[in-house]
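The values are calculated or read from the model by the stated rules, or taken from the named source; none is laboratory data. Just so we're clear, the structure is a prediction, and the values are computed from it rather than from any experiment. Here Cβ is always computed from backbone atoms with ideal geometry, including for glycine, and neighbour counts include all displayed protein chains. The area values use the complete protein model at the heavy-atom level, side chains included, leaving out ligands, DNA and RNA. Shrake-Rupley method; radii C 1.70, N 1.55, O 1.52, S 1.80 Å.
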Amino acid sequence: MASVLVVEDDQFVRSALIRQLTEASHTVRSVGTALEALREVAQIGFDVVILDLGLPDLDGAEALKMLRGITDVPVIVATARDDEGEIVRLLNDGADDYLVKPFSVAHLSARMTAVLRRARGGGPGEPGGAAAPPAVLRVGGLAVDPLRRQAQLDGVTLDLTRREFDLLAYLAGRPGVVVPRRELLAEVWRQAYGDDQTIDVHLSWLRRKLGETAARPRYLHTLRGVGVKLEPPAEHT
């Protein structure tokens, strides 16, 4: 079961979520403001955060951006806003999933299970971790271990966020292949649609950690209007 932080200012809704999630064997803490949520996340490790957007001290969308600045914990946004543009913005700002109020705890639990499975590196065809462990992926001086969620460059461990690792691992599994941006959104971000800027930002962060730039790439190569590929630099070929 999961360790859950519920961020909800409505005391009635919060109490109901706490009671029902606890009955489902989850460990639950709750707060009613964005600043309290940031403090809790900074001090305590959670498996997932349920974030309401209508908070009294800070808009939930801004709280989401601030959370993403300090943690990669999966965040499910609970919102009464069903505007597609707003939902796309939230997903691009780092939400892992969303639910439109009102929703049942059974629905929330199913979304939590799916988000946690993705965060832990599992896939839909891997119930209970029964799938064979994936091999270490090697591209030049890069070694990516999907099972341990570790990556090294020339023997030095890289400090990657969860999304950076997911992006690197997906590309490392297809060395030399140009992967379309739409495929990256679908397979890495689990989004059917989105903004290319989301990919560009993560590629920029990843390049920095690989010691390269877009102007002078070594491993990561962007083909404008087509996609991205990962291949070993010339000194490793």
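A few remarks follow.
- Taken over the stretch 21-66, the criterion of being over 20 Å from Asp166 (Cα atoms) and part of a strand (DSSP E or B) is satisfied by Thr27, Val28, Arg29, Ser30, Val31, Ile50, Leu51, Asp52.
- Residue identified as part of a helix (DSSP H, G or I), at pLDDT below 80, of a type outside the set (D, E, K, R) and over 13 Å from the mean Cα position of the chain (by Cα) among Gly69, Gly123, Gly85: Gly85
- Just one of the numbered conditions (1) in a helix (DSSP H, G or I); (2) of a type in the set (Ser, Thr, Tyr); (3) more than 16 Å from Ala78 (Cβ to Cβ) is not true of Ser15: (3).
- Filtered by the rule that a residue be modelled with pLDDT of 90 or more, of a type in the set (Val, Ile, Thr) and open to solvent by 40 Å² or more (accessible area, probe 1.4 Å), the stretch 126-163 gives Val156, Thr157.
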